Amino acid sequence: MKLIETLRIRATSRVRREKARLGLGQRPARLDIRLDGFDAPLAGDMPGLTLEAWQERVVELLQWAGPMPVRITAHAGHALLPDLVRFCHRLEMPVTVRTGPDGLSGPRAEELLDRGMQICELVATTLEGPGEEAVRALVHARNSRGVPLTVHVHIPITEASAAGARANFEAARGLGADGVVLCPPWQGLSLSATAGAAVAAALAEGWPLQKTSAGAREVLGSMRAGGPGAPRKGGKCELGGLRLALLPDGKAVVCPFKPGMASGPLADSAGDLGAHRDAIRRCDRVCGHPELV
């Protein structure tokens, strides 16, 4: 079964690449909703929307592009997070919550799980202190509710965090997490030889916890070679336009890292989104951002 699933994923990826090469239209594969700038400097201090406004944006997008998986990035204590998770879940869109350990208590984890959260991406540089407590809260909520929940620990790689990256795999295994993902940083940087060796050792950690994507591995490799920004080894960007993002002010973009052609309100944005998507797909630079994982 695992081999069949692997072949299916490869075939689907090949179809996507061929459609992109031929310029054929394609529905976005995922919606990223940013309630705040918890780990997204791009959002900055943009004003947030009300729950009703967020619901309207999601419904507009659903009518335009159809249902798709949703990832909501927010501080765990954000007031609108549980209700927005519930809203997307009721629209039959699988919900992932990307958050940090701060505010992710046992009751909050249970509330998000009850509202429909299926995957939690916990962003933490270490699984000590708050990071450990947050994973324990998620695993306990999963066990107490008796419902499926995938818990992934996302570790942003910096010069400081690289040394402990491999140790986090052992910690995650002991806490009951389902996977560990090594994430490139938002801002380009170069790693020292020592830090690069530590990242290589962490990437060598294999199944079942190693969930770092091929794209993230490429970016991490380019960091050791002098930082993101070098030409992409695999050619053009294959993710351009496959991720539709809603920023905290309600603007929609097809590349959450390069919003220079932000589309404006969804109600009249289909043409702009298409043009923006095509321009981004032609990009041939390595893009070091966590949403690529």
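Structure notes:
- Residue list for the range 85-117, filter: assigned to a helix (DSSP H, G or I) and surrounded by 23 or more Cβ atoms within 10 Å (Cβ to Cβ): Val85, Cys88, Ala109, Leu112
- Among (1) crowded, with 20+ Cβ neighbours inside 10 Å; (2) modelled with pLDDT under 65 - the single one Pro248 does not satisfy: (2)
- Checking each residue in the range 88-109 for being in contact with a Leu (Cβ under 8 Å, 6 or more places away or on another chain) and more than 18 Å from Val135 (Cα to Cα) picks out Leu91, Met93.
- Cβ-Cβ contacts under 6 Å between residues 6 or more apart (or on different chains), taken from a first residue in the range 139-167 that is closer than 22 Å to Arg115 by Cα and modelled with pLDDT of 90 or more to a second residue that is of a type in the set (D, E, K, R) and part of a helix (DSSP H, G or I), are listed as Ala141/Glu110; Leu149/Arg142.
- Leading residue by the ranking (nearest to Leu220 (Cα to Cα)) among those in the range 156-187 that are part of a helix (DSSP H, G or I) and of a type in the set (D, E, K, R): Arg166
- Scanning the range 64-79 for residues being surrounded by 20 or more Cβ atoms within 10 Å (Cβ to Cβ) and either more than 16 Å from Asp36 (Cβ to Cβ) or of a type outside the set (Ser, Thr, Tyr) (or both) gives a total of 5.
The values are calculated or read from the model by the stated rules, or taken from the named source; none is laboratory data. Small disclaimer: the values here were computed from a predicted structure and weren't measured. Virtual Cβ from ideal backbone geometry, glycine too; neighbours counted across all protein chains shown.
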